[in-house]
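The values are calculated or read from the model by the stated rules, or taken from the named source; none is laboratory data. Note that the structure is predicted; figures quoted are calculated from it, not measured. When we count neighbours, we look across all protein chains shown, and the Cβ atoms used for this are built from the backbone with ideal geometry, even at glycine.
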Amino acid sequence: MEEDTDDWMIDVNGFYVATRSFLIRRGSCCANQCRNCPYINWRNAPTWQPLAAEEIQVIDVPPKAIEGARRMLAYHQQQIKENQTQEGYHQAMVKHYQTLLERWHTLR
């Protein structure tokens with residue numbers, strides 16, 4: 001069976017890292033804080049872009065991922081209150097995490 005080469009990349013340390021496309025196809029956050037997670041920005045990278053809402057699937061999600069999304073939602077809400085810079089970015093992140101939590105809530 002031929003392996004899909006778009007699923008993994010090898011980083012500078014020789015570690016296999018799941019690609020963003022693989023994680024999107026998986027359908028939800030596994031809460032392992034994957035470097036390329038399209039659901040939760042575990043590392044606060046300024047270039048990170050959330051997955052489009054229509055791509056978010058409703059499947060089983062670990063409690064750790066739900067808690068991570070709640071923390072990130074609170075963080076971006078706080079940034080809007082305290083910091084007028086990058087308000088559009090933080091508003092987009094608030095919408096993203098609200099969408100994740102709404103979709104994931106339908107599981108419970």
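Can you tell me how many residues in region 79-93 are surrounded by 11 or more Cβ atoms within 10 Å (Cβ to Cβ) and farther than 23 Å from C30 by Cβ? Spell out how you get there, then give the answer.
From region 79-93, those surrounded by 11 or more Cβ atoms within 10 Å (Cβ to Cβ) are 79-80, 86-87, 89-93; that's our starting set.
Filter once more, so that each one left must be farther than 23 Å from C30 by Cβ: 79-80, 86-87, 89-92.
The qualifying residues number 8.
Kindly check whether there is at least one residue in region 36-58 that is in a helix (DSSP H, G or I), aliphatic (A, V, I, L, M) and out of contact with any Asp or Glu (no Cβ under 8 Å at 6 or more places or on another chain).
Keep residues of region 36-58 that are in a helix (DSSP H, G or I), which gives 53-55.
Subset that is aliphatic (A, V, I, L, M): 53.
Subset that is out of contact with any Asp or Glu (no Cβ under 8 Å at 6 or more places or on another chain): 53.
Yes: region 36-58 contains one or more residues that are in a helix (DSSP H, G or I), aliphatic (A, V, I, L, M) and out of contact with any Asp or Glu (no Cβ under 8 Å at 6 or more places or on another chain).
Give the residue that is farthest from the chain's Cα centre (by Cα), with candidates limited to residues of region 70-86 that are within 11 Å of Q98 (Cα to Cα) and among the hydrophobic types (A, V, I, L, M, F, W, C).
A74
Rundown of residues vs (1) more than 16 Å from W104 (Cα to Cα); (2) loosely packed, with under 13 Cβ neighbours inside 10 Å; (3) without any contact (Cβ under 8 Å) to a residue 40 or more places away in the chain; (4) polar (S, T, N, Q), yes/no style:
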position	(1), (2), (3), (4)
D7	yes, no, yes, no
G14	yes, yes, yes, no
T19	yes, no, yes, yes
G27	no, no, yes, no
C34	yes, no, yes, no
E55	no, yes, yes, no
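List the pairs whose first member sits in region 82-101 and is within 18 Å of Q57 (Cα to Cα), whose second member is modelled with pLDDT under 90 and not in a helix (DSSP H, G or I), and whose Cβ atoms are under 6 Å apart, counting only residues at least 6 apart or on separate chains?
That search, which allows pairs on different chains as well, returns H96/P50.
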